[in-house]
Amino acid sequence: MTNTIETHRFERPDDRLDMKDRGGIDIVKTSQGSTGMHAVFEPGWTWEADEKPLLGHPDTCPMHHTGYCMSSRLVVRMVESGAETPITKGDFFEIPPGHDAYVDGDERVEMILFEASGAHP
């Protein structure tokens, strides 16, 4: 444990998942192991087409996500059950592994994700 305050900026990420014209995820990591992500998904983005190839083509997203939606609307589908849940601006959310997702509408989705675990770097 440290008694030093540590700050990081998404403008200078430690890592990035680049989804070209469909967006990306900037990743910051603290020395204590905490992870934060700033996700931007452009209209037309789908997990299947834009993120799955960057993760090695798993059947579904292997990540557990906790986060906050800053703009627009993302629909997340639990693949096994087919249940779809819209996540919209102002929602604090928790998503278990086994999902995929897509941007619903013609506006950019922005989210902050905390403490990701699983396949992301």
Does Pro13 qualify as being assigned to a loop (DSSP other than H, G, I, E, B) and modelled with pLDDT of 95 or more? yes
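Matching residues to (1) over 11 Å from the mean Cα position of the chain (by Cα); (2) surrounded by 16 or more Cβ atoms within 10 Å (Cβ to Cβ); (3) farther than 18 Å from Phe114 by Cβ:
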| site | (1), (2), (3) |
| --- | --- |
| Asn3 | yes, no, yes |
| Pro13 | yes, yes, no |
| Asp26 | no, yes, no |
| Gly33 | yes, no, no |
| Gly36 | no, yes, no |
| Gly44 | yes, no, yes |
| Trp47 | no, yes, yes |
| Leu74 | no, yes, no |
Scan segment 35-94 for residues that are part of a strand (DSSP E or B) and acidic (Asp, Glu) and jot them down. Glu84, Glu94
Kindly indicate the residue of segment 60-72 that is touching a helix residue (DSSP H, G or I) at 6+ places or on another chain (Cβ under 9 Å) and of a type outside the set (Ser, Thr, Tyr) and also surrounded by the most Cβ atoms within 10 Å (Cβ to Cβ) among those meeting that condition. Cys61
Which one of these does Met111 not meet: (1) at pLDDT 95 or above; (2) more than 30 Å from Asn3 (Cα to Cα); (3) touching a Cys at 6+ places or on another chain (Cβ under 8 Å)? (2)
Show the residue pairs meeting these rules: Cβ distance below 8 Å; 6+ apart or different chains; first residue within segment 71-99 and at pLDDT below 95; second residue surrounded by 15 or more Cβ atoms within 10 Å (Cβ to Cβ). none
Name the pairs whose Cβ atoms lie under 6 Å apart, with the first residue in segment 44-58 and under 11 Å from Asp100 (Cβ atoms), the second among the charged types (D, E, K, R) and in a strand (DSSP E or B), and 6 or more positions between them or separate chains? Trp47/Asp100; Glu48/Asp100
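The values are calculated or read from the model by the stated rules, or taken from the named source; none is laboratory data. Since the structure is predicted, the reported quantities are computational estimates derived from the model, not experimental observations. Positions of Cβ are backbone-derived with ideal geometry, glycine not excepted, and every protein chain shown enters the neighbour counts.
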